[in-house]
Amino acid sequence: MERPAWAPRSIDISVPSVARIYDFYLGGSHNFEVDREAARRAMEFMPGLPKIMQANRAFMRRAVRHAVDQGITQFLDIGSGIPTFGNVHEVAQAADPGARVVYVDRDPVAVAHSQAVLDGNAHADVVAADLLKPQDILTSPQVERLLDLDRPVALLLVAILHFVEDADDPYGAVAQLSDALAPGSMLVLTHASYEGIPLPAERAGGAVDVYKDIRNPLIMRSRDEIARFFEGYDMVEPGLVPMPHWRPDTAPEDEDPYAFSGFAGVGRTA
């Protein structure tokens, strides 16, 4: 397999990556055949996976606009993935040109492409770091340069926590990040769940098994388990709901049934 110019030399292009699989679902071009093969295997069980990812992105854009409307102009997007159209900085800076955004991802392709996209943007940057090491993120030069943690920040954890097993304490990581943020900050979150998927759970489980096979387990949590991530936050209306129901721009009944898989929510601290 020939290595494209955009692929860092350090990555093994024979191993699938969840960031590049996500990029494939969204119609991006920064993925390899090994990623596309894994995605197609998962779609054999859940053909609506691209619709779920599109609903994730649409929710994220609505949540960012809401944050700016509420006076928040600082964004920390962890597990940001490979940039595609309608990224956080594009949405936020369209609403407020002074908005500042720090992306965080551990995938080298996501980081390298983010650096290329953000070249020349003085108010946005990317950190190569892991959600499970909050202090590495919070003390990074990029965060220290761009974000004032004494002022409210919108913390985005969109479609990432379901890749963290309970043994790795995702609740603890979210709590550490939240504790570092000023009052009035927001948590913007989506998470996969068997609830809402228009398929029997055992069939959806086939797609989950594909992620297990590529050593990136997909953890399907219940609504109550997902709600625990918002401890310490007041939920913004309409609460923790299927993605199309969170402050929709269009009628939810027009959405693809797969778009209602999993949950989305926004919380704000007092």
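The values are calculated or read from the model by the stated rules, or taken from the named source; none is laboratory data. As the structure is a prediction and not an experimental result, all values here were calculated from the model. All Cβ positions, even for glycine, are placed from backbone atoms using ideal geometry, and neighbour counts span all protein chains on display. Side chains are part of the model used for accessible areas, which takes the heavy atoms of the whole protein and leaves out ligands, DNA and RNA. Shrake-Rupley method; radii C 1.70, N 1.55, O 1.52, S 1.80 Å.
Give all pairs with beta carbons closer than 7 Å in which a residue from the range 184-208 that is touching a residue at least 60 places away in the same chain (Cβ under 8 Å) meets a residue that is β-branched (Val, Ile, Thr) and surrounded by fewer than 18 Cβ atoms within 10 Å (Cβ to Cβ); count only pairs at least 6 apart in sequence or on separate chains.
Matching pairs, first to second residue: GLY184/THR269; SER185/THR269.
Residue-by-condition table, conditions (1) in a helix (DSSP H, G or I); (2) among the basic types (Lys, Arg); (3) modelled with pLDDT of 95 or more:
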{"position": "PRO4", "(1), (2), (3)": "no, no, no"}
{"position": "ILE11", "(1), (2), (3)": "no, no, no"}
{"position": "VAL15", "(1), (2), (3)": "no, no, no"}
{"position": "ILE52", "(1), (2), (3)": "yes, no, yes"}
{"position": "ASN56", "(1), (2), (3)": "yes, no, yes"}
{"position": "ASP77", "(1), (2), (3)": "no, no, yes"}
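Please enumerate the residues belonging to the range 17-50 that are free of Cβ contacts under 8 Å to residues at least 60 places away in the same chain, of a type outside the set (A, V, I, L, M) and assigned to a helix (DSSP H, G or I).
Across the range 17-50, the qualifying residues are PHE24, TYR25, GLU33, ASP35, ARG36, GLU37, ARG40, PRO50.
I need a count of the residues in the range 235-254 that are out of contact with any Ser or Thr (no Cβ under 7 Å at 6 or more places or on another chain), of a type outside the set (Gly, Ala, Ser) and at pLDDT 95 or above.
Looking only at that region, the number is 12.
Does the range 174-187 contain at least one residue that is part of a strand (DSSP E or B) and either modelled with pLDDT under 95 or over 17 Å from ARG106 (Cβ atoms) (or both)?
The answer is yes; a qualifying residue exists.
If GLY71 passes every condition in (1) in contact with a helix residue (DSSP H, G or I) (Cβ under 8 Å, 6 or more places away or on another chain); (2) modelled with pLDDT of 95 or more; (3) assigned to a loop (DSSP other than H, G, I, E, B) but one, which one does it miss?
Condition (1) is where GLY71 drops out.
Specify which of the listed residues (VAL111, VAL102) is closer than 22 Å to GLN176 by Cα, open to solvent by less than 20 Å² (accessible area, probe 1.4 Å), not hydroxyl-bearing (Ser, Thr, Tyr) and not in a loop (DSSP other than H, G, I, E, B).
VAL102
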